[in-house]
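Asker: Supplied in structure tokens, the structure appears directly below.
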Amino acid sequence: MRSRVHYSWVIVGVGFVALVMSAGFRSTAGVLLLPLHDEFGWSHETIGLAVSLNLLCFGLGAPFAAALVERLGMRRVVSGALAVIAVSSLLTTGMTEPWQLFLLWGVVNGLATGAVSVPLAAIIANRWFVERRGLVTGVLTASNASGQLVFLPLLAWVAGMDWRYAALLVAVTALAFVLPLVLVFMRDRPRDVGERPYGAPDEWQEPPAAPPALGAVLNGLRVGARSRTFWLLAATFFVCGATTNGLVSTHLIPAAHDHGIAQVSAASLLALIGAFDIAGTVGSGWLTDRYDPRRLLLVYYGFRGLALLALPVAFGSEYAALVAFAVVYGLDWVATVPPTSALATSAFPTQSGVVFAWIFSAHQLGAATAAWIAGMTRTETGAYTIAFVGAGMLALAAAFAVLLISRGPKRPPVEAPAMV
């Protein structure tokens with residue numbers, strides 16, 4: 001008897017696990033900052049530059065990975081990326097010089113994890129779903145963001161014994177758990193399992209095949225660069241990356257350490273952010289299916305800016321103030337992704353995957369910039385205060401910039417799905 005569960009939801013489940021783990025693999029560098037500083041004497045600026053390079057390659061690799069997915073399929077691209085992550089993590093255990101950190105954890109790990117990142121979530125939502133795209137984008141985006149955070153206490157505890165154990169844990173998990181799951185269950189398109197996308201009507205027709213990988217990447221950039229909407233989305237997503245992955249994910253642990261908070265306790269704050277991010281981003285996906293995405297972005301960036309401005313004060317207060325920061329910040333950690341993806345899909349319906357990947361590159365460029373500048377600020381001034389206040393002001397500016405984005409076509413009413 002035919003299963004009543006649409007295979008699209010199996011793809012969501014496999015994608016969820018792959019995105020959680022890949023994000024956790026990438027964020028390992030955040031818990032290595034203090035151990036590497038203690039063992040090799042490398043400065044916060046040097047290690048921050050390696051993290052910046054990781055984030056930059058992570059973002060720049062995303063458009064090409066999105067195009068490769070169109071060309072080679074999700075299963076091949078994701079499984080290949082996981083194998084590269086495992087090998088680079090194993091090689092990291094033997095490094096003794098900063099250039100090795102830049103190459104292995106900066107370039108190789110950054111490019112590989114970029115192939116299993118937020119653009120993959122948008123591809124799954126657009127390829128496998130006609131209805132519930134916003135919700136699916138929110139669920140998968142939450143998995144990617146939370147994966148950077150929820151495993152940090154474990155990684156911090158392992159790295160406290162020896163940072164090499166954390167790298168080994170990444171390699172073993174990628175090879176023994178995530179890679180087999182992708183190889184067995186991941187499928188590229190609904191037609192591979194004899195299905196239509198979830199919620200597709202009987203007359204639905206599959207879009208034409210994408211152009212060759214490099215041509216798709218460059219054409220997507222050309223199309224996007226002609227639109228004011230593209231540049232506004234890219235600029236606000238630049239701020240999103242700067243205020244999340246680049247600043248808080250990378251530097252919250254050493255900033256907390258400067259105020260006498262143990263590394264594992266600080267990592268627990270990031271895990272708390274990740275836990276509330278799941279609720280915030282899934283809820284954002286649900287709201288994106290029903291309300292103007294621009295107004296949602298106004299609220300998200302506004303609260304983020306206020307939270308960052310309050311963070312230096314929270315560090316000087318009781319630990320409960322930091323917990324409150326983690327809750328508020330977690331609720332809009334990447335709640336910006338579903339409405340940003342929806343605006344990109346509305347503006348560029350035939351090339352949304354690659355165009356959104358370029359917008360995501362701006363996100364990671366912002367993250368890379370903030371990771372390096374915050375480390376430099378800490379080295380020069382001995383504190384992170386300027387970095388947190390500056391990021392808060394940027395977020396408030398982004399909150400008002402989103403109002404300049406055109407509304408786009410009106411969304412059709414949400415209907416109940418035909419299958420569950």
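Asker: For MET74, what charge total do you get from the other residues with a beta carbon under 12 Å from its beta carbon, if Lys and Arg give +1 and Asp and Glu give -1? Working shown, then result.
Answerer: Numbers: positive: ARG71, ARG75, ARG76, ARG127, ARG187, ARG189; negative: GLU70, ASP188, ASP192.
Overall, the nearby charge balance is +3.
Asker: Between LEU168 and TYR291, what FRET efficiency follows from the Cβ-Cβ distance if R0 is 51 Å, with the result rounded to 0.05?
Answerer: Numbers: r = 45 Å, r/R0 = 0.89.
So the FRET efficiency works out to roughly 0.65.
Asker: Sort SER8, SER341 so the one with the fewest other Cβ atoms within 10 Å of its own Cβ comes first.
Answerer: On the way: SER8 26, SER341 30.
Placing the least packed residue first, the sequence is SER8, SER341.
Asker: Something else about it: Would you mind computing Rg(Cα) / (2.2 N^0.38 Å) for region 76-120, counting N as its residues?
Answerer: 1.17
Asker: Apply 1/(1 + (r/R0)^6) to the Cβ-Cβ distance of TRP99 and LEU403, taking R0 = 30 Å, and write down the FRET efficiency to the nearest 0.05. Intermediate results must be reported in sequence, preceding the final value.
Answerer: Working: r = 45 Å, r/R0 = 1.49.
Rounded to the nearest 0.05, the efficiency is 0.10.
Asker: Each label point is 7 Å from the Cα along the Cα-to-Cβ direction; what then is the distance between the points at ASP202 and TRP231, in nm?
Answerer: It is 4.8 nm.
Asker: Now a separate question. Check which residues have an amide H placed less than 5 Å from PHE129's amide H, if you skip close sequence neighbours.
Answerer: Amide H to amide H, under 5 Å and 5 or more residues apart or across chains, PHE129 pairs with TYR198.
Asker: What percentages, rounded to whole numbers, describe P(r) for region 1-141 computed over all alpha carbon pairs with 5 Å bin width beginning at zero?
Answerer: 2, 10, 19, 20, 16, 12, 9, 6, 4, 2, 1, 0, 0
Asker: If we count other beta carbons within 10 Å of each Cβ, what is the order of TRP333, TRP358, TRP231, fewest first?
Answerer: Fewest to most other Cβ atoms nearby, the residues stand as TRP231, TRP358, TRP333.
Asker: Still on this structure: Once every Cα of region 73-193 carries one equal point scatterer and solvent is ignored, give the base-10 log of I(q)/I(0) from the Debye formula at q = 0.17, 0.22 Å⁻¹, two decimals.
Answerer: Each listed q corresponds, in turn, to -0.94, -1.35.
Asker: Would you calculate the volume per residue, in Å³, of the smallest convex hull containing every Cα atom of region 315-375?
Answerer: On the way: hull volume 5.2 nm³, N = 61.
Measuring per residue, one finds 85 Å³ for the Cα hull of region 315-375.
Asker: Could you put MET95, MET74, MET186 in order, starting from the residue whose Cβ has the fewest other Cβ atoms within 10 Å?
Answerer: Details: MET95 18, MET74 26, MET186 21.
Taking fewest neighbouring Cβ atoms as first place, the list is MET95, MET186, MET74.
Asker: Let me ask another. Please report, in Å, the Rg and the Dmax of region 152-307, where both are computed over Cα atoms only.
Answerer: Calculated on Cα positions, Rg and Dmax stand at 21.1, 63 Å.
Asker: Something else: Extent of region 38-111 along each principal axis, from alpha carbon coordinates, in Å, largest to smallest?
Answerer: Reported extents, whole Å, longest axis first: 44, 21, 14.
Asker: In whole Hz and in residue order, list the ³J(HN,Hα) couplings for region 185-195 that follow from phi through the Karplus curve 6.51 cos²θ - 1.76 cosθ + 1.60, θ = phi - 60°; x for Gly and Pro.
Answerer: Karplus values, whole Hz, x for Gly and Pro: 10, 5, 10, 7, 9, x, 5, 5, 10, x, 10.
Asker: Oh, and also: Helix 293-315: angle to the longest alpha-carbon principal axis of the chain, degrees 0 to 90, nearest 10?
Answerer: With rounding to tens, the tilt is 10 degrees.
Asker: Using +1 at the C-beta of Lys and Arg and -1 at the C-beta of Asp and Glu, which of VAL323, PHE64, TYR301 has the Cα lying farthest in the positive direction of the dipole of the chain?
Answerer: Of the options given, the answer is PHE64.
Asker: How far is helix 152-161 tilted, in degrees, relative to the longest principal axis of the Cα atoms in the chain, given as a value from 0 to 90 rounded to the nearest 10?
Answerer: 40 degrees
Asker: Which percent of the Cα-Cα distances in the chain go past 35 Å?
Answerer: Numbers: 19787 of 87990 pairs.
Taking all Cα-Cα pairs of the chain, the fraction more than 35 Å apart is 22 percent.
Asker: How big is the equivalent ellipsoid of region 267-326 along its three axes, where each semi-axis is √(5λ) from the Cα gyration tensor, reported in whole Å from largest to smallest? Intermediate values should be presented prior to the final figure.
Answerer: On the way: eigenvalues 132, 42, 7 Å².
Taking √(5λ) for each Cα gyration eigenvalue gives 26, 15, 6 Å.
Asker: Here is a further query. Spelling out what I want: for every residue of region 166-181, take phi, set θ = phi - 60°, compute 6.51 cos²θ - 1.76 cosθ + 1.60 (Karplus), and round to whole Hz; glycine and proline get x.
Answerer: Ordered by residue, 3J(HN,Hα) equals 5, 5, 5, 4, 4, 5, 5, 5, 4, 7, 8, 10, 6, 4, x, 4 Hz.
Asker: Here is a further query. Within 10 Å, count the other beta carbons around each residue, average over each peptide in 313-326, 14-27, 283-296, and list them highest first.
Answerer: Values: 313-326: 15.7, 14-27: 24.8, 283-296: 19.6.
Answer by packing, highest mean first, reads 14-27, 283-296, 313-326.
Asker: Under a point-charge model restricted to the Cβ atoms of Lys and Arg (+1) and Asp and Glu (-1), what is the dipole moment magnitude of the chain relative to its Cα centre, in debye to the nearest 20?
Answerer: Values: 25 positive and 21 negative charges, 263 e Å.
Roughly 1260 debye for the chain.
Asker: Output the 0 to 90 degree angle, nearest 10, between the alpha-carbon long axis of helix 385-401 and the longest principal axis computed from the alpha carbons of the chain.
Answerer: Relative to the chain, helix 385-401 is tipped by roughly 20 degrees.
Asker: With unit charges on the beta carbon (Lys/Arg positive, Asp/Glu negative), name the residue among ILE85, GLY106, SER52 whose Cα is farthest towards the positive pole of the charge dipole of region 1-140.
Answerer: ILE85
Each value in this text was obtained by applying a stated rule to the coordinates, not by laboratory testing. Since we're looking at a predicted model, the values are computed, not measured. Every residue, glycine as well, gets a Cβ built from its backbone with ideal geometry; the counts of neighbours run over all protein chains shown.
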